[in-house]
Protein chains: 2
Amino acid sequence: MQALTSRLAEKNTIRLTPRLFATTSLSLFTIGLSVHYIRTALTSRSSLTTFSTPHGKSAVMSSSFKQEPHNLLVIPGPIEVSDEVLYANAHPSVGHTAPAFAAVFQDCLKMIKQVLYTTSAQPFLVAGSGTLGWDMVASNLVEPGEDVLVLNSGYFGDAFADCLEVYGAKVDQVKAPIGDRPGPAEIESALSQKKYKLVTFTHVDTSTGVLSDAKAICAAVKKVSPDTLTILDGVCAVASEEIRMDDWGVDVVISASQKGLGVPPGLSVTVASERAMAVLAARKTPVTSYFASWRRWLPIMQAYGKGQAAYFATPPTNLIWAFQASLRAITEQSPSLEQRFALHKESSLRLKQAVNDLGLKQVPLHPDASANGMTAIYVPSPLKPSDIVPKMLKKGIVVAAGLHKDIKETYIRVGHLSITAIDAKRGDIDRVIKALQESFAEAGWDGSKTSSRPSVVEHQGQA
Amino acid sequence: MQALTSRLAEKNTIRLTPRLFATTSLSLFTIGLSVHYIRTALTSRSSLTTFSTPHGKSAVMSSSFKQEPHNLLVIPGPIEVSDEVLYANAHPSVGHTAPAFAAVFQDCLKMIKQVLYTTSAQPFLVAGSGTLGWDMVASNLVEPGEDVLVLNSGYFGDAFADCLEVYGAKVDQVKAPIGDRPGPAEIESALSQKKYKLVTFTHVDTSTGVLSDAKAICAAVKKVSPDTLTILDGVCAVASEEIRMDDWGVDVVISASQKGLGVPPGLSVTVASERAMAVLAARKTPVTSYFASWRRWLPIMQAYGKGQAAYFATPPTNLIWAFQASLRAITEQSPSLEQRFALHKESSLRLKQAVNDLGLKQVPLHPDASANGMTAIYVPSPLKPSDIVPKMLKKGIVVAAGLHKDIKETYIRVGHLSITAIDAKRGDIDRVIKALQESFAEAGWDGSKTSSRPSVVEHQGQA
C-alpha cells in the first residue's frame, strides 16, 4: 500500500487523488463482494487534461473522445449529452463494490445535494427511470388508506396519481385547466379540508411545459398543513429550474438522469428530506415494494456516502461515472449553478420570443407558468404537428410532437436543457429558432397575417 | 421520403438498411412523443466496417474506439465489456420514440428470445437491475395470499423469498446445504404437498456458484404440478448456461445486462411465457406495483416489437444500443450460441482443474452443481480471502470476496463470463490461473502438502 500511495502522490494534479488517498484507508473487505485495485481510477490519465474552474478547483475531462455527428435532439428529454459524459458512459467495467467506484458514487451523492441546495437530505441513486421515484414515494411514504393530494398541471399529475393509488393511497386532485397550474388559494383550500399525508406536484409538466411555483406551494403547505410532506416531481426541472430543498422545505425531489442533469436515461435520482425519512421510520405497516424500498437502499446509500460500498442490487455503474462527469460540470465548472439557471431562462425567453414573433401561441397560459427548459407551441389550425416535425427533421433537428391526450394533435414541444441551453458556442438555440421559422414558412404559415401577434402573456389554451 | 429512400439504398452494405426501409413506412406520428430523422442510424457510417458472420449475415461494428487500459474485472458481474459494446453505450443521444431507436429496441426483443430459444415468450426490457425482475414476478404473477415455493441454493433464494413476501406471497422453501441445490425427490415431494402458484429457482446462485438443473426442475413441475409456473432467476446464467424456455417449459426468465449478456449494468431483462402472461391476464386483484407492472409495459413492448415506439417510462436508450451490440455478437457472430455455451464450459473446466491442482476446494459440492460462468473457491484456513484478493489486485486482476453470510470469510469468487470465457485471444483465463497460482504461493500455500488433492467431485462444504 505504501508503494501505491507514493505512486498516487506523483499524480496529484488529478483531482481524484485526495479521495483516492482516503479510500486507501478503507478496509478492503468492509462489504466483501469485491475489491478493486485503486489504480483503476487513474488508468485514464493518458487522455486526461487538468484545467481550472471559476471556483479555483481543478477538474478532469477527456480531451479526445468525440461523439459521432448526429441530428440535434431537442425534445424535452433525453437530450444532447456532452462528449465528456458519453465518454464516461463508455468507462471500462469497474466492480460496483470497488473503492474507486465507491468514491465516484460518493461524489455523485454529494454533488446532487449541492444541485438541490440541501445539506441534510438523503439521495437515492438507483437503476431505473424517473417513474421509479413515484413508486418510491408511494410505497415508502404512504400507508394504505392514507390521503394524498395531487396538484395536477398535466399528464404527469394523472400518472403519479395512478401510481399512488396502486400502493393504496386515497388520492384527491386539484386540476388546473390545460396550460395552467393550481393557484395558491385552491391549494390552501384543499389542504384545509382534509389532513393529507403528502401533497405532490409536477415542477415542470413535460406534457404541457407548465412550471409550478414550487416555493409558493411549499409555503402554502407549511402555512395550512405543516405535517404534510411536499413531494416535488422534478424529472424535467432539476438542474434547469432553481430548487432549494432546505430553504423552501421540499421533502422529496424525484428526478432522473436524462433531462437537466445531462446524462443518458437509466438512472433514477430521488432525494428525501430528514423529515421524509422520519415518516418512513415511523410507518406502522411494511413498505409495499421491494426494489423501490428505501429501507433496503438506505444502508447502501449511507455506505457509499462514506466512500464505502454495499450491496442490495447492482447499481448502473457506467451511468454513475457519467453522472459524476455531468455533476462536475454542473457544480464545479463554469457556468456556476446560479448562472446555469439564468442561462436556461435566457435561452428560454429568446426561443419563446421568436415563437411569439412568428404569431404562434404556447400551451402555458402565462409567463410565470412557463418552464425554462422546454417550450410547448400550438400549431395553428389547419396546420398539424405532422406539417412541422418532419420539416424540422429535414433540417437535422428533432423536436417532439404532443403528449397531453386532450390536445395531442395540436402542438409540438421543444426542449432546451443542459448544454443546449447554456453553451452558446454550440448555437443550438439559434439553429432551432431558424429551423422553426423556416419550417412554419414552408408549411404556408405567415405569422404577419395573424390578426394579433400575441405575447406569451395573452395566450389562451386551445383545448 | 423518396429522396431519403434513395439515399438509404446507396448504403445497403449496412445491415440496418432493410429495417430502416421498413421504418420509413411507419407513421411518424403513431405515438406522437417525438420522431427522428431516420438518417441518424447511418450517421456512424464513417467509423463502421461491414463483415461477414459465420451465418452469412453481415454485421456492423465500430473499428476505432478502444477502451482505456484497466484492471481485468473477473468478478461474477459486472464483467469485462467489449469495445464495441462500450462504444454503443456512448452513442449520441437519440429520442426514445425515434424510429431509428425503435428499430434497435425491436432488434433486442427479437435477439433475446433467440438467446433463450423461445418463439412465443414476451421480453420486458426496462431500466433497472436484475432485482427488478423479482418485483415483476412477485407483483404480476402472485396475488396476495397465494403460495410460492422457492428452491434455495444460496443468498439469492433468500432474497427472492423476501421480495415475494413483500407482495403478499406465502413462501415455502426447499433449502439445500451450502454448495448444493435441492434434489428432484425433494422438489417433487414439496410440490405434491401443496398447490403452488409459482416455483422459483436460481439458475446460478452468484453467492455460491451453484448451478441448478433447470431442465430437471421444469420436468418435475410438469410431472407433479403442471399448473404451477416455473420461474428461473437467470441473472448469472443467461448467455453462459443453456436455457431452452419453450422446450423445457420455463415460464419466466429473470436476468440483467451485466453478466453473460455482456453489457454494463442498468438494464433489467425479463422474459415471460404465454402461459405466464395468461396467468397475469386472469388475475382477480390489481397488480401490486406500478413501475414493475407488466400490464403497463406490455403495450410498450408490443409496440417496440413491431418497430414502433410507445411510452410508459423512459427506456435506458444507450444501454439498449449497447445491448443490441452485445446481442448481435451473441446471436449473429462467431462463436454461435451453442459454441458459446461450450466455450464457457471449457474455460470453466480449465480454471476449475487449475484450482483442483492447487489443492483447493470449491463451494459447489459436485461438478453437476457447478456453474460454467463462475468459480467459488474456498481459501484454506488459516488463510483468509484478505490474503489472496489484494495479491490478485496487485497483478491487475479483480476477483470478488465472499457473499453468502454463513461462509463469507472463507472463500473467493471468480467470474468467467462472456468475452473473458469465449475469446481465447484475450488470454484472460490463463492470466487468472497464473495469478491464482502465484497469489496462493505468495500467501504461503503449498498445494502439494495437502493430504489429498481432491477433485471437484470429492469437495465437501466447509460451512
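The values are calculated or read from the model by the stated rules, or taken from the named source; none is laboratory data. All figures in this text were calculated on a predicted structure; none of them were measured in a lab. Here Cβ is always computed from backbone atoms with ideal geometry, including for glycine, and neighbour counts include all displayed protein chains. Note: areas computed on protein heavy atoms with side chains; ligands, DNA, RNA excluded. Shrake-Rupley method; radii C 1.70, N 1.55, O 1.52, S 1.80 Å.
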Query raised in the report: Summing Lys, Arg as +1 and Asp, Glu as -1, what charge do residues with Cβ under 13 Å from the Cβ of B:M277 carry, B:M277 excluded?
Result: +1
Requested in this report: Would you mind working out the magnitude of the charge dipole of region B:83-332 relative to its Cα centre, with +1 at each Lys and Arg C-beta and -1 at each Asp and Glu C-beta, to the nearest 20 Debye?
Outcome: 680 debye
Query raised in the report: What FRET efficiency comes out for the pair A:S334/A:K66, r = Cβ-Cβ distance, R0 = 30 Å, nearest 0.05?
Result: 0.90
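Using protein heavy atoms only (no ligands, DNA or RNA), what is the total accessible area buried between A and B, 1.4 Å probe, nearest 100 Å²? Walk me through the numbers before you get to the answer.
Numbers: alone 18570 and 18570 Å², together 30730 Å².
Approximately 6400 Å² gets buried when A meets B.
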Query raised in the report: Which FRET efficiency, nearest 0.05, do B:S120 and B:D430 yield, Cβ-Cβ r, R0 51 Å?
Result: 0.75
Report summary line: Placing +1 on each Lys and Arg Cβ and -1 on each Asp and Glu Cβ in region A:83-332, then taking the dipole about the Cα centre, the residue among A:L116, A:L191, A:V94 whose Cα reaches farthest towards the positive end is A:V94
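Would you rank A:Y196, B:Y155 by solvent-accessible area, highest first, keeping every protein chain in place and using a 1.4 Å probe? Write down the numbers at each step before the final one.
Values: A:Y196 15, B:Y155 65 Å².
Largest accessible area first, the residues go B:Y155, A:Y196.
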**Report entry** Listing of region B:119-141 residues, each with accessible area lower by at least 50 Å² in the full protein assembly than in the chain alone (probe 1.4 Å)
**Finding:** B:S129, B:T131
Report task. Find the centroid of the Cα atoms in region A:89-141 and in region B:290-351, then give the distance between the two in whole Å. Result -> 25 Å
Requested in this report: Find every distance from the label point of A:R431 to the corresponding label point in the other copies (7 Å from Cα along Cα→Cβ) and write them in nm, one decimal, shortest first.
Outcome: 3.9
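Could you work out the local net charge near B:A371, counting Lys and Arg as +1, Asp and Glu as -1, over the other residues with Cβ closer than 9 Å to its Cβ? Display every interim value, and only then the final one.
On the way: positive: none; negative: B:D205, B:E241.
Taking every other residue near B:A371 into account, the sum is -2.
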Report summary line: In whole percent, the fraction of accessible protein surface over region A:83-332 that belongs to carbon or sulfur atoms, probe radius 1.4 Å, stands at 52 percent
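Among the listed pairs B:K405/B:K434; A:K175/B:K284; A:K306/B:K391; A:K361/A:K434, which have their C-alpha atoms separated by more than 21 angstrom in this model?
Numbers: B:K405/B:K434 29 Å; A:K175/B:K284 31 Å; A:K306/B:K391 25 Å; A:K361/A:K434 17 Å.
B:K405/B:K434; A:K175/B:K284; A:K306/B:K391, as the Cα separations exceed 21 Å there.
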Requested in this report: Quick one: P(r) of region A:337-444 from all Cα-Cα pairs, 5 Å bins, percents rounded to integers, in order of increasing distance.
Outcome: 2, 13, 24, 26, 20, 11, 4, 1, 0
Requested in this report: Could you please put A:E442, B:E143 in sequence from largest to smallest accessible area, using a 1.4 Å probe?
Outcome: A:E442, B:E143
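In Å², and per residue, what accessible area does region B:319-358 have when probed at 1.4 Å with the other protein chains present? Intermediate values should be presented prior to the final figure.
Details: 1380 Å² over 40 residues.
That works out to 35 Å² for each residue.
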Query - Cα gyration tensor of region A:290-351 - equivalent ellipsoid semi-axes, whole Å, descending - result: 33, 14, 11
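Work out, in µm²/s and without decimals, the Stokes-Einstein translational diffusion coefficient of region B:257-303 at 4 °C, 1.567 mPa s, Rh from Kirkwood over C-alpha pairs. Walk me through the intermediate numbers first.
Working: Rh = 12.5 Å.
Answer, rounded: 103 µm²/s.
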**Report entry** Candidate aspartates and glutamates for bridging to B:K259, where Cα separation is under 14 Å - those fewer than 8 sequence places away on the same chain excluded
**Finding:** B:E80, B:D205, B:D233, B:E241
Report task. Give the nm distances, rounded to one decimal, from A:T285 to the matching residue in every other copy, measuring between label points 7 Å along Cα toward the beta carbon; shortest first. Result -> 1.1
Query - Once the Cα gyration tensor of region B:83-332 is diagonalised, semi-axes √(5λ) in Å - result: 30, 20, 15
Report summary line: The FRET efficiency for B:A278 and A:R350, from their Cβ-Cβ distance with R0 = 56 Å and rounded to 0.05, is 0.55
Report task. Specify the inter-centroid distance of region A:146-207 and region A:358-406, based on alpha-carbon positions, in whole Å. Result -> 25 Å
Report task. Just the ratio, please: alpha-carbon radius of gyration of region A:316-400 over 2.2 N^0.38 Å, N its number of residues. Result -> 1.42
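Would you work out the charge dipole size for region A:306-456 about its Cα centre, treating the Cβ of every Lys and Arg as +1 and the Cβ of every Asp and Glu as -1, and quote it to the nearest 20 debye?
Working: 20 positive and 14 negative charges, 32 e Å.
Here region A:306-456 has a charge dipole of around 160 debye.
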Report summary line: Pseudo-spin-label distance A:K215 to B:R244, built 7 Å along Cα→Cβ, given in nm, is 6.7 nm
Requested in this report: Keeping all protein chains in position, work out how much accessible area B:D135 exposes to a 1.4 Å probe, and write it in Å² to the nearest 10.
Outcome: 0 Å²
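Once you've got the Cα coordinates, tell me which of B:K195/B:K222; B:K66/B:K394; A:K66/A:K395; A:K170/A:K194; B:K197/B:K223 are over 18 Å apart. Don't jump to the answer; show the numbers that get you there.
Working: B:K195/B:K222 13 Å; B:K66/B:K394 24 Å; A:K66/A:K395 22 Å; A:K170/A:K194 12 Å; B:K197/B:K223 15 Å.
As for pairs spanning more than 18 Å Cα to Cα, those are B:K66/B:K394; A:K66/A:K395.
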Requested in this report: Would you mind checking which residues have amide H under 5 Å from A:L229's amide H? H placed 1.01 Å from N; only 5 or more apart, or other chain.
Outcome: A:L198, A:V199
Query raised in the report: How far is A:S336 from the same spot in each other copy, in nm, shortest first, if each label point sits 7 Å from Cα toward Cβ?
Result: 6.5
Query raised in the report: Which net charge results for the neighbourhood of A:I231, defined as the other residues with beta-carbon distances under 12 angstrom from its beta-carbon, given Lys and Arg at +1 and Asp and Glu at -1?
Result: 0
Report task. Give me the percent of Cα-Cα pairs in region A:113-218 that sit more than 22 Å apart, rounded to a whole number. Result -> 34 percent
Query - Whole-Å semi-axes of region A:218-289's equivalent ellipsoid (Cα gyration tensor) - result: 24, 18, 8
Report task. Give the ranking of A:K66, B:K259, A:K395 by solvent-accessible surface, highest area first, calculated with a 1.4 Å probe. Result -> A:K66, A:K395, B:K259
